[in-house]
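What follows draws every value from the coordinates through simple rules; no lab data is involved. Everything numeric in this text was worked out from a predicted model, so none of it was measured. FYI the Cβ positions are ideal-geometry reconstructions off the backbone, even for glycines, and counts take in every protein chain you see.
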Amino acid sequence: MFAEPEQSDSSARITLRAVYHGRVQGVGFRYRTARLAQQYPVSGYVKNLADGTVELVVQTQDRPVLEQFFDDMMLTFATNVTDVSVEEIGSEPHFQQFEIRH
């Protein structure tokens, strides 16, 4: 699902940013995402954007964990999401926990 990293340093943090489109605001998307994130060794945040989309930034040191987390996200929100864009971004800052941002 994701491109392989150019660097093979297994201790490097991987950070992905996703923007979800569809019926994703006012339906508990951020709350359910935060609950799902508690089941994984991930940090980052989820936030409503002014254009009606939801931004998710997730960070971990284990690419398979990210892939499973995103698979579970799609299963959880299959009826709400019409499109999602995912990109790998720089790993600064290092997030300490997962939170809902306002």
Seminar exercise, completed: Scoring only Lys, Arg, Asp and Glu (+1, +1, -1, -1) among other residues with Cβ under 14 Å from the Cβ of GLN25 yields +3
For this session: Please find, in a Gaussian network model of the chain (springs between Cα atoms separated by less than 10 Å), the residue of ASP72, ASP62, ASP51 whose mean-square fluctuation is greatest.
Result: ASP51
Problem set entry | Spin-label proximity, HIS94 to the range 11-51 - amide N less than 14 Å from point 7 Å beyond Cα toward beta carbon | 11-15, 43-44
Exercise. For the chain, what is the calculated [θ] at 222 nm in deg cm²/dmol (nearest 500), taking -39500 (n - 2.57) for each run of four or more DSSP H residues and dividing by its residue count?
Worked result: -7000 deg cm²/dmol
Exercise. Once amide H atoms are built 1.01 Å from N in the peptide plane, which residues 5 or more positions from ILE14, or in another chain, come under 5 Å H to H?
Worked result: THR60, GLN61, ASP62
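Please work out the FRET efficiency for the pair GLU87 and TYR31, using the Cβ-Cβ distance as r and a Förster radius of 25 Å; give the result to the nearest 0.05.
Result of the calculation: an efficiency of 0.55.
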For this session: For the chain, build the convex hull from the C-alpha positions and give me its volume per residue in Å³.
Result: 99 Å³
